[in-house]
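S.K.: Following this message is one structure expressed as structure tokens.
A short reminder: the numbers here are calculations on the coordinates, not readings from a lab. For clarity, every value in this text was computed on a predicted model and none was experimentally measured. In this analysis, Cβ positions are derived from the backbone assuming ideal geometry, glycine residues included, and neighbour counts consider all displayed protein chains.
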Amino acid sequence: MSPDDHRDAPAGDAYPYLRAATAGLRHHTHAQRATGEDRPSDRLQLDALHAHLTVLHRLMDQAAEQTRPERPAAGRHLATAHARLWQAADSVHAAFHLVPAAAEDGACHPERLPEGPPFLTICQRHLAAVHAIRRKTTAADLAS
């Protein structure tokens with residue numbers, strides 16, 4: 001499917017990948033609620049949520065850039081959403097580091113990198129997102 005195919009598709013068939021991602025997140029939410037267990041989020045879940053947020057952040061950036069020339073007011077709203085998604089990803093990243101790692105044998109392993117995956121994966125992804133946000137957003141935009 002090319003990027004322009006959605007313009008000729010009926011409304012229900014437009015953007016199938018976004019609909020599939022939304023359905024997956026909705027299913028995950030319902031499945032968690034259906035278990036009846038109130039478990040706190042673990043690092044694996046926070047890592048997956050961070051991945052979703054950073055991809056959504058890039059998508060929102062693209063939408064804002066494409067919309068702004070023709071519809072400046074809508075582009076500003078999308079740019080605000082872009083900043084809010086960054087704030088959400090940053091908060092999930094911080095929460096990830098506050099959640100204890102899975103229980104290990106308790107022995108010290110100085111030959112290993114600190115904590116290993118997904119610790120390094122989320123930090124690498126977050127660092128890439130930091131570089132992207134700093135190119136287009138001011139500190140004042142993020143603070144407001």
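S.K.: Do any GluC sites (Glu not before Pro) in the range 7-106 lie in a loop, going by DSSP, with at most 14 other beta-carbon atoms within 10 Å of their beta carbon, and if so which?
M.R.: Here the sparse-neighbourhood loop sites are GLU37, GLU70, GLU104.
S.K.: Moving on. Just grab the label-to-label distance for ALA102 and ASP38, each label 7 Å out from Cα along the Cβ direction, in nm (one decimal).
M.R.: The two pseudo-label positions are separated by 2.6 nm.
S.K.: Describe numerically, in nm with one decimal, the distance between label points set 7 Å from Cα along Cα→Cβ at ALA139 and at ALA73.
M.R.: Reported label-point gap for ALA139 and ALA73 is 3.3 nm.
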